[in-house]
Structure formats: C-alpha cells, structure tokens
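Everything on this sheet refers to the single structure shown next.
The values are calculated or read from the model by the stated rules, or taken from the named source; none is laboratory data. Computed from a predicted model, the values in this text were never measured in an experiment. Virtual Cβ from ideal backbone geometry, glycine too; neighbours counted across all protein chains shown.
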Ligand SMILES: [Zn+2]
Ligand SMILES: [Zn+2]
C-alpha cells in the first residue's frame, strides 16, 4: 500500500505506508528486507519495490531536513539550567530584596535617600533585564522540545519504541541507536515513514506529550514558539523596554526625593 508522498510541506494527514497484517498497527519500514511490528512482533516481508521506495524517500527527507533552517536551529539548541523557569522565577522574586540591600549599602547608610531609591530601582531593572533576556533565549529550547520524538510502548525485551511526534507511528531508528545520546556521528533527526514529519530524536525516554498534527513541519513549530515578525521584534525588545522603564522610574524617584530638599536654603 505504497503511495507517493505529496510535495506540499503542510499535509499533516497522509495514509500509512504499511500496516501489520496480523494486528493492523502502523509499522516502521525498518532497514532490511523485512519490518517488525512493534505491537505484536510479527515479521512483515518487504518487496524490493517497497524497499526501493523507502530508500528513495528517506534520501529525499534527509536532504530536506539538511536544508531546513528551522530544524537546523532546533538541532543546535542547547538545554541550559539557567534558562529554566525553576531557576529564573526565584531570582525575579528576590530581585526587590537583592536591590534593596544594594540601595541600603550605597545610599541609605550615607543618608542619601534619593540615591538609595535610585540604586534600588536600577537594581530591580537590571535583574528583570537579565531574567527576561534569559527567558527570550529559552525559545530555541522550546522549539527543540516541540520537535522531539516521543516515547512509545515498552517492548518485551525492555527497549522502548520511539514514535513520531505528529502521528505516533514508530520511527525508523537505526539499530543500536535507541537510548543513546546522539553523539559520535549518530543521526539526531529522522523523518517518519508514515506522515513524513521531521523528528529530532530525544536522547532519553523523556515525557510523553500529546501528538500535535497542527505542528507538522519545523517552520510551523517556529511560528508557534516565536510568533510573527511583530511578535518577534516586540519580545526581543521586551528586556530593554522593561529596563528603560525602571531607569525612568529611578530618575523620577531620585528627583522626587532630592529636589524639595535642595530648594530649602
Ligand atoms: Zn502487529
Ligand atoms: Zn508520523
């Protein structure tokens, strides 16, 4: 039941290539002259035509993946703990107290109340500038996370099937690859035999997410995370905007505290 994949990139629903003859589950096309059903372990022989079409399509998919700037960007994203909300949120919460300590040190102790307020607000602004810039740089990680393959059912021999993030069909993963870190030249991405969606192979078992057929290609995922051009510009400027807001507030506070006193002779 081999059909030609349509060329258009946004065709989330495509018919399955091959189904298991005994249980009907979608079957990964494997690498040799037979496929193994992950649900019932039935061996499904593959005709030379199917094997040829499989190789041709995988080669096409590989070239497309290599040329996809959004997928390349997602593959290059590194996961860092200092961008995780569990690290950033507490820093944002303690920002006023951190900055208050600075204000006390640099102003209040010398009876410079205007200066104390100024340092306090600039300090809060700096912390928020840093944390919102970190959150902005986290978007590449989110892009990568949405493209990750998903953990599938556990086989009897203890290995876990890796399934497509879009259609949940088992992915064609070379033997020896499952569970490895994707280092030493092993493939880090592959395309689904069934729907053609590009997946980044998750290093560990990971947590299962609901399939997102609406995010078929990497560009759709990019738009989901980054928004349109206006959104992208606004969120790039956000850290600076919030900092400038605090600077303005700090200057106003300084003059509000200092100006009346300077008028008294
Ligand atoms: Zn089966
Ligand atoms: Zn798929």
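Quick notes
- Of all residues in segment 18-31, those that are touching a residue at least 40 places away in the same chain (Cβ under 8 Å) and closer than 15 Å to residue 163 by Cβ have Cβ atoms under 7 Å from Cβ atoms of residues that are part of a loop (DSSP other than H, G, I, E, B) and near ligand 1 (Cβ under 7 Å from one of its atoms), 6 or more apart or on another chain, in 27/20; 27/37.
Residue by residue, here is whether (1) part of a loop (DSSP other than H, G, I, E, B); (2) within 29 Å of residue 225 (Cα to Cα) holds:
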position	(1), (2)
35	no, no
38	yes, no
41	yes, no
44	no, no
52	no, no
63	no, yes
78	yes, yes
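- Qualifying residue in segment 68-75 (condition: assigned to a helix (DSSP H, G or I) and exposed (fewer than 12 other Cβ atoms within 10 Å of the Cβ)): yes
- Residues of segment 79-115 that turn out to be surrounded by 16 or more Cβ atoms within 10 Å (Cβ to Cβ) and more than 16 Å from residue 128 (Cβ to Cβ), as a count: 7
- Scanning segment 14-32 for residues that are in a loop (DSSP other than H, G, I, E, B), closer than 20 Å to residue 190 by Cβ and either at pLDDT 85 or above or within 16 Å of ligand 2 (Cβ to nearest atom) (or both) yields 14, 15, 16, 17, 18, 25, 27, 28, 29, 30.
- Within segment 142-156, the set of residues being within 16 Å of ligand 1 (Cβ to nearest atom) and part of a loop (DSSP other than H, G, I, E, B) comprises 155, 156.
This table checks each residue for (1) crowded, with 19+ Cβ neighbours inside 10 Å; (2) closer than 28 Å to residue 130 by Cα; (3) at pLDDT below 85.
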| residue | (1), (2), (3) |
| --- | --- |
| 185 | no, no, yes |
| 191 | yes, no, no |
| 195 | yes, no, no |
| 212 | no, no, yes |
| 229 | no, yes, no |
| 236 | no, yes, no |
| 263 | no, no, yes |
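- Residues that are within 16 Å of ligand 2 (Cβ to nearest atom) and not in a strand (DSSP E or B), drawn from segment 157-177: 164, 165, 166, 167, 168, 169, 171, 172, 173
- If you go through segment 186-214 and keep only what is in contact with a helix residue (DSSP H, G or I) (Cβ under 8 Å, 6 or more places away or on another chain), in a loop (DSSP other than H, G, I, E, B), away from ligand 1 (no atom under 16 Å from the Cβ) and under 21 Å from residue 62 (Cβ atoms), you end up with 188, 196.
- Test: residue in segment 42-57 that is within 13 Å of ligand 1 (Cβ to nearest atom) and either buried (at least 17 other Cβ atoms within 10 Å of the Cβ) or modelled with pLDDT under 85 (or both): yes
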